[in-house]
Amino acid sequence: MKDKFNKIPAALQKQIILRFGMGILVFFLFIVVSIYYHNLYFSLPCFLLSFVLFAYGIFLFYNCIEKKYLILEGTCVEVLTKRVRKKIKSIILMVDGKNLKLPIQKRVQTIKEGDTVTVYLSEKTPVYEDEGSYIIYSYYALEVRKEYEHEYRKRENIQTP
C-alpha cells in the first residue's frame, strides 16, 4: 500500500493526506461533542462530515491508484484577479495551442505569467467551450513551477518527476 501511495504525484498525495487528516480532526470533534453534550443530535453533523471526508479521501486514493486522472501541463498566459483584494480569481493556460481557463478554488501561491502549471483532474471532468477557449471548473490538485525553475531544469538537463 505504501509503494502504491509513493507512486502517486506529490500534489495528489498532499490532497489525499489533507482529506484524511481533516476527517480525523472532525472525528475527534465528534467524540468531544458527544462526551461534552451527551446528545447524539449535536454530534451527528460532525460524524457525517468525517464520513464524507474519509469517503472523498478513499475515492481520490482509488482513482490515483487506478490512474483514473489526467495531467494537463501548460504555460500561464494570463492571471485574472479580483478588484478589491487582488486575490487570484482564475488563470488562463496555454495547453497544446489552446487556451484553458481555470478558476482558482483554493488559495495558491502567487502565479505569474510564464510559469508552468500542472493540473490534475478526473477523467470525467466536464470541459466547456467558451468563445474559442476551454473552461474547467473542478480539479484534484494544482502544481505551479516557477519560470526560473523551469529554465534552470532545462539548462541543466534535470529530469522532472
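The values are calculated or read from the model by the stated rules, or taken from the named source; none is laboratory data. Owing to the predicted nature of the structure, the values given are computational and were not obtained by experimental measurement. No Cβ is skipped: glycine too gets one built from the backbone with ideal geometry, and neighbour counts run over all protein chains shown. Areas reflect the complete protein model, heavy atoms only, side chains present, ligands, DNA and RNA absent. Shrake-Rupley method; radii C 1.70, N 1.55, O 1.52, S 1.80 Å.
Here are a few things to note about the model shown:
- Helix 40-65 and the longest principal axis of the Cα set of the chain meet at an angle near 40°.
- Cut-off under 5 Å, modelled amide H: who pairs with V95 long-range: L100
- Applying the criteria of a DSSP loop state and at most 13 other Cβ atoms within 10 Å to the GluC sites (Glu not before Pro) of segment 66-116 yields E66, E113.
- Degrees separating the helix 10-37 axis from the principal Cα axis of the chain, which is the longest one: 20 degrees
- Note on Y36 and K14: the extension gain reaches 4.7 nm, defined as 0.36 nm multiplied by sequence separation minus the Cα-Cα distance.
- Relative contact order of the chain: 18 percent, from C-alpha pairs under 8 Å at least 6 residues apart in sequence.
- Shown here: Kirkwood radius over Cα pairs in Å, derived from the displayed model; of the candidates (i) 18.1; (ii) 15.9; (iii) 15.5, it corresponds to (i).
- Angle between the chain longest axis and helix 147-156 axis [Cα atoms, degrees, rounded to 10]: 70 degrees
- Within the assembled protein chains, the solvent-accessible surface assigned to Y137 is about 130 Å², based on a 1.4 Å probe.
- For the chain, size of Cβ-based charge dipole, Lys and Arg +1, Asp and Glu -1, in debye: 500 debye
- All lysines inside 23 Å of K124 as judged from Cα atoms, apart from same-chain residues fewer than 8 positions distant: K4, K7, K14, K67, K68, K98, K101, K106
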